[in-house]
Amino acid sequence: MQSATALAILGLAAWYILSLLMLASLRLYHTLVIGKAANSFRTDGADLPGFGERLSRVHANCFENIPLYMVVLLYAVATGQTGITDSGAAILLYARMAQSLVHAASTSVAAVYLRFMLFAVQNGLLGWWIWQMATGR
């Protein structure tokens with residue numbers, strides 16, 4: 001049976017791929033149906049207003065953060081310290097997914113606060129795990 005840490009690693013990778021596929025599908029739609037040149041998309045998504053811009057930021061945010069999460073989780077696996085990360089690994093994954101979904105859904109003030117809270121949960125877990133692994137506690 002796989003540890004919760006290993007499953008979170010797979011889940012984070014799958015979530016990243018899903019965000020990439022959603023963005024690629026949206027851009028493909030804009031290319032094939034709307035006629036936008038395939039080489040004209042802006043990386044920040046500013047040329048895909050509304051949902052498209054938010055989806056571009058969701059993907060970029062995953063690209064910016066998931067590698068760090070993976071490094072910490074893989075370190076726990078490699079050093080036999082999954083006992084530290086297993087109890088919160090699912091929380092990390094679900095907080096990442098929820099942050100992305102909230103980001104894609106809205107940029108309202110309430111949504112921004114919720115996104116920040118979910119981001120804080122993720123990074124709070126990482127900080128706690130790093131401290132525990134570094135100090136052997």
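The values are calculated or read from the model by the stated rules, or taken from the named source; none is laboratory data. This is a predicted model, so every value here is computed, not measured. No Cβ is skipped: glycine too gets one built from the backbone with ideal geometry, and neighbour counts run over all protein chains shown.
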Odd one out for Pro49 among (1) more than 23 Å from Ala104 (Cβ to Cβ); (2) out of contact with any helix residue (DSSP H, G or I) (no Cβ under 8 Å at 6 or more places or on another chain): (1)
Among residues of the stretch 58-79, those that are among the small types (Gly, Ala, Ser), more than 30 Å from Leu48 (Cα to Cα) and in contact (Cβ under 8 Å) with a residue 12 or more places away in the chain, counted: 1
Any chance Thr43 is modelled with pLDDT under 95 and either touching a strand residue (DSSP E or B) at 6+ places or on another chain (Cβ under 8 Å) or not hydrophobic (A, V, I, L, M, F, W, C) (or both): yes
Residue within the stretch 99-109 that is on the phi < 0 side of the Ramachandran plot, touching a residue at least 12 places away in the same chain (Cβ under 8 Å), of a type in the set (Val, Ile, Thr) and not in a helix (DSSP H, G or I) present: yes
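Looking only at the stretch 93-100, decide whether some residue is surrounded by 14 or more Cβ atoms within 10 Å (Cβ to Cβ), touching a Lys or Arg at 6+ places or on another chain (Cβ under 6 Å), modelled with pLDDT of 95 or more and within 18 Å of Ile9 (Cβ to Cβ).
Checking the stretch 93-100: at least one residue is surrounded by 14 or more Cβ atoms within 10 Å (Cβ to Cβ), touching a Lys or Arg at 6+ places or on another chain (Cβ under 6 Å), modelled with pLDDT of 95 or more and within 18 Å of Ile9 (Cβ to Cβ).
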In the stretch 4-43, the residues that are surrounded by 13 or more Cβ atoms within 10 Å (Cβ to Cβ), outside any helix (DSSP H, G or I) and within 23 Å of the chain's Cα centre (by Cα): Phe41
